[in-house]
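Read the structure below first, then the notes.
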Amino acid sequence: MFDRIIARLRSGPSDLTPMPEADARHALGALLVRVAKADGAYLFQEIEEIDHLLADLYSLNAIDAARMRAECEKLEVAMPDTSELADILSASVSDEDRDLFVSALWKVADADGQRHETEQNVVAIASQTFGMAPEDAAALRT
């Protein structure tokens with residue numbers, strides 16, 4: 001029994017989480033993960049913020065939001081181009097939603113209480129791909 005538990009722990013949760021479709025919802029989640037990882041540290045505060053945002057944006061409970069984040073983590077690894085993720089989103093969302101999404105990206109970037117240039121660069125690439133002027137994207141940072 002202990003061998004099975006140890007084997008399960010060593011395999012990690014990524015083996016249990018399926019690769020999601022690259023739809024707009026998962027592309028946003030993957031961008032949120034990308035912002036959080038951009039500084040080389042994927043912290044609990046950032047994970048918690050991503051879960052909270054996914055729950056709010058898509059009316060998910062905490063467990064479903066965490067499950068969706070895990071799927072988005074896989075998508076984020078599989079899609080190395082940030083603008084490609086943003087393209088998936090920009091093709092299917094309104095300008096209002098884009099403002100909401102850029103605001104969500106900023107919330108994750110600021111979740112650890114520090115401002116990192118690498119995180120700002122991911123938000124800049126995404127907002128540019130959305131067709132948003134840099135000053136408009138910066139104004140959404142609260």
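The values are calculated or read from the model by the stated rules, or taken from the named source; none is laboratory data. Computed from a prediction, not measured in an experiment: that's the story for all the values here. Note: ideal-geometry Cβ built from the backbone for every residue, glycine included; neighbour counts use all protein chains shown. Just so you know, the surface numbers come from the protein's heavy atoms only, side chains and all, with ligands and any DNA or RNA stripped out. Shrake-Rupley method; radii C 1.70, N 1.55, O 1.52, S 1.80 Å.
List of remarks:
- Verdict on ALA66 being part of a helix (DSSP H, G or I), of a type in the set (Gly, Ala, Ser) and within 19 Å of PHE44 (Cα to Cα): yes
- Some residue of region 116-125 being without any contact (Cβ under 8 Å) to a residue 24 or more places away in the chain and either open to solvent by less than 80 Å² (accessible area, probe 1.4 Å) or among the small types (Gly, Ala, Ser) (or both): yes
- The lone criterion from (1) in a helix (DSSP H, G or I); (2) under 18 Å from ALA36 (Cβ atoms); (3) acidic (Asp, Glu); (4) touching a residue at least 40 places away in the same chain (Cβ under 8 Å) left unmet by ASP56 is number (4).
- Every residue from region 68-92 that is under 21 Å from SER127 (Cβ atoms), of a type in the set (Val, Ile, Thr) and either under 13 Å from the mean Cα position of the chain (by Cα) or open to solvent by less than 20 Å² (accessible area, probe 1.4 Å) (or both): THR82
- Check on ILE50, aliphatic (A, V, I, L, M), touching a Cys at 6+ places or on another chain (Cβ under 9 Å), within 12 Å of LEU31 (Cα to Cα) and open to solvent by less than 70 Å² (accessible area, probe 1.4 Å): yes
- Some residue of region 84-96 being of a type in the set (Asp, Glu), modelled with pLDDT under 90 and closer than 20 Å to THR142 by Cα: yes
- Count of residues meeting criterion [within 15 Å of ARG25 (Cβ to Cβ), assigned to a helix (DSSP H, G or I) and either of a type in the set (A, V, I, L, M, F, W, C) or open to solvent by less than 40 Å² (accessible area, probe 1.4 Å) (or both)] in region 93-111: 5
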